Amino acid sequence: MKKYYIKTFGCQMNVYDSHRVAGILQSLGWSEAATLKQADLVIFNTCHIREKATEKLFSDLGRVYLLKQERAIEGKKTVIGVLGCVVQAEDEQIAKRAPYVDFALGPLTYYRLPEILEKIARKSGDTIIETDFPAESKFDFLPQNKSEGGCSYLAIQEGCNNFCTYCVVPYTRGIETSRPIEDVLAEAKKLVAEGTLEINLLGQNVNSYHGEDKNGKERDLAYLLRKLDEIDGLKRIRYTTSYPADVTDDLIRCHAEITKLMPYLHLPIQSGSDAVLRAMNRRHDVAKYLDVIYRLKEANPEIGFSSDFIVGFPGESDKDFEDTLNLVDKVKFIQAFSFKYSRRPGTPAAVMPNQVEEKVKEKRLEILQNKLFDYQLKFNQQTVGKTVEVLFEGKGRHAGQLTGRTPYMQNLYAKADKGLLNKIIRVKVEEATMNSLSGTIVEG
Ligand code: SAH
Ligand code: SF4
Ligand code: F3S
């Protein structure tokens, strides 16, 4: 049996895509290699969101090329492929700098893998590159998705029409497309039948979902959530990532009405300054964002929020940055991701005047992260002494331990029998750090 090895960078959508690629390969009779050295096919699924990703890719590729040469001495062939968002932006670079790469496919074309592998098996040659945005949907050509265990991702929407001035996603994933309601429900039911208890709906802009139902009528995310709620055996529903301006009243009502919907929402704001948000081309200001937050809290007082932040966007002043700190104090995010602004070629912000000095960005990031980490730690500490429901997903760091997620996406470690994997179990929380909780299983 031939073996594959996939290394994944970037967001959850890439993790999902890699899982679907593994599904294609398994349907062709391939199996997963335990180590890189054993792999007859090595795939990098890449991310282009911030700088350095490309350089990292080329150094990884260089290493795999050496491996390919070593294996060739043993008479073994190694096929090397690159997938994902870097391909969409750097296809020519890949062919020029790493001609030994056998294929490079963008995020929307990886369903063509079977015919491409066949072509390569017949005759290796130049790098095969496919970066078009096909009219057909890749989902119509993929083998059915398989459950990943207790927790599965399910892509419902892809691409983005927002064109934030710093971001490459609209160029790498194309414009927004939504999968039909019936396709999503069929995939969800299959995942649940195979043991999935929690589904995390994915989309670059998941709350602008507008899939067609069987009568050809466009339906939104709130409609889809209510349909998913009806699936017996499905215990937890999440969706990520949402765009604040597209949070509808009905979606907010879902957080009051659907108990399967976890009390946690990732809602990126990027900056607490209206001037910066305008320059970023975000379709919301701080007041609008806070309004959404307060209304969601009203719908479900237990809800906790996470967010994304960019510091050092071109033109960001000390005052703008202070506004971001103030916003954090208002919302008290329970988790957050924060980044230094990274200049992406081809995006409008890359050529804006008043680029912020690297040193200033570093300092601001440190200050912001200290604040964010503080709130995260405080929230985790408040969990100590409480009993929480944990979906165990994997082995812990120590023998006899399992790790899982609480409703708030906190990582929790507990001494637990392997038999509790992929189950939701009540755990009493005993200790908390910024990154994780630990506790003991509650009997019954
Ligand atoms: N709406 C998207 C965001 C994708 S990118 C989603 O669904 O996931 C994830 C985060 O990366 C963004 O929210 C933003 O905070 C950050 N990001 C995007 N482009 C960036 C850039 N050029 N520099 C720094 N951070 C960036
Ligand atoms: Fe990028 Fe903005 Fe679209 Fe998110 S909403 S993917 S940050 S362009
Ligand atoms: Fe990266 Fe593409 Fe996701 S650029 S963040 S892998 S959409």
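The values are calculated or read from the model by the stated rules, or taken from the named source; none is laboratory data. Keep in mind that this is a model prediction, so the values were computed, not measured. Note that each Cβ is placed from the backbone with ideal geometry, even for glycine, and that neighbours are counted across all protein chains shown. Side chains included, ligands, DNA and RNA excluded: accessible areas come from the protein's heavy atoms. Shrake-Rupley method; radii C 1.70, N 1.55, O 1.52, S 1.80 Å.
So which lysines pass the test for Lys235, namely a Cα distance under 19 Å, with those fewer than 8 places away in the same chain ruled out?
Within the straight-line cut-off, Lys235 pairs with Lys146, Lys189, Lys190, Lys227, Lys260, Lys423.
Given contacts defined as C-alpha pairs under 8 Å and at least six residues apart, what's the relative contact order of region 387-441, whole-number percent?
Working: 131 pairs, mean separation 19.6, N = 55.
Relative contact order for region 387-441 comes out at 36 percent.
At a 10 angstrom cut-off on C-beta neighbours, averaged per residue, how do the peptides 286-295, 193-202 rank from highest to lowest?
For the peptides 286-295, 193-202, the packing ranking is 193-202, 286-295.
In the chain, with Lys and Arg counted as +1 and Asp and Glu as -1 at Cβ, which of these residues, Gly84, Cys167, Ala299, has the Cα nearest the positive end of the dipole, that is, farthest along it?
Gly84
Hey, can you rank 156-165, 230-239 by average C-beta count inside 10 Å, highest first?
Answer by packing, highest mean first, reads 156-165, 230-239.
From the alpha carbon gyration tensor of region 206-256, can you work out the equivalent ellipsoid semi-axes (sqrt of 5 times each eigenvalue) and give them in Å, largest to smallest?
17, 16, 10
Which percent of the accessible heavy-atom area of the chain goes to carbon and sulfur, probe 1.4 angstrom?
Here carbon and sulfur together make up 51 percent of the probe-accessible area.
Taking Rh as the Kirkwood radius computed over C-alpha pairs, what is the Stokes-Einstein D of region 125-207 at 20 °C in a medium of viscosity 1.002 mPa s, expressed in µm² per second? Numbers along the way, then the final one.
Values: Rh = 14.5 Å.
The estimated diffusion coefficient comes to 148 µm²/s.
Given an 8 Å cut-off on Cα distances and at least 6 residues of separation, report the relative contact order of the chain as a percent.
Values: 871 pairs, mean separation 44.5, N = 444.
Computed over the chain, the figure is 10 percent.
What are the extents of the Cα atoms of region 144-262 along their three principal axes, listed from largest to smallest and rounded to whole Å?
Principal-axis extents of the Cα atoms in region 144-262, largest first: 42, 30, 30 Å.
Kindly rank 44-53, 142-151 from highest to lowest mean number of other beta carbons found within 10 Å of each residue.
44-53, 142-151
Sequence gap at least 6, Cα distance under 8 Å: using those rules, report the relative contact order of region 9-77 to the nearest whole percent.
34
Run through all the Cα pairs of region 387-441 and give the fraction in each 10 Å bin from 0, expressed as whole percent.
Distribution as computed: 29, 64, 7 percent.
With no solvent and one equal point scatterer per Cα, compute the Debye intensity ratio I(q)/I(0) for region 31-92 at 0.17, 0.29 Å⁻¹ and report its log10, rounded to two decimals.
Log10 I(q)/I(0), no solvent term: -0.61, -1.22.
Can you list, bin by bin at 10 Å, the percent of alpha carbon pairs in the chain, starting at 0?
4, 19, 28, 28, 17, 4, 0
If a paramagnetic tag sat 7 Å from the Cα of Phe163 along the Cα-Cβ line, which residues of region 284-304 would have the backbone N under 17 Å from that point?
Output list for this probe position: 284.
Calculate, for region 387-441, the solvent-accessible area per residue in square angstrom, rolling a 1.4 angstrom probe over the heavy atoms of the protein chains.
Heavy-atom SASA per residue in region 387-441 reads 53 Å².
If I require 27 Å or longer along the helix axis, counting alpha carbons, and a Kyte-Doolittle average no lower than -0.5, what helices from the chain are left? Use full DSSP H segments.
Working: long enough: 53-73 (31 Å, -0.18); 358-383 (37 Å, -1.21).
Passing helices, by number: 53-73.
So what's the projected area for region 3-130, the Cα convex hull averaged over all directions, in nm²? Let's see the in-between values first.
On the way: hull surface 28.6 nm².
Directional mean of the projected Cα hull area for region 3-130 stands at 7.2 nm².
May I ask for the distance between the Cα centers of region 1-38 and region 340-366, given as a whole number of Å?
Cα centroid of region 1-38 versus Cα centroid of region 340-366: 35 Å apart.
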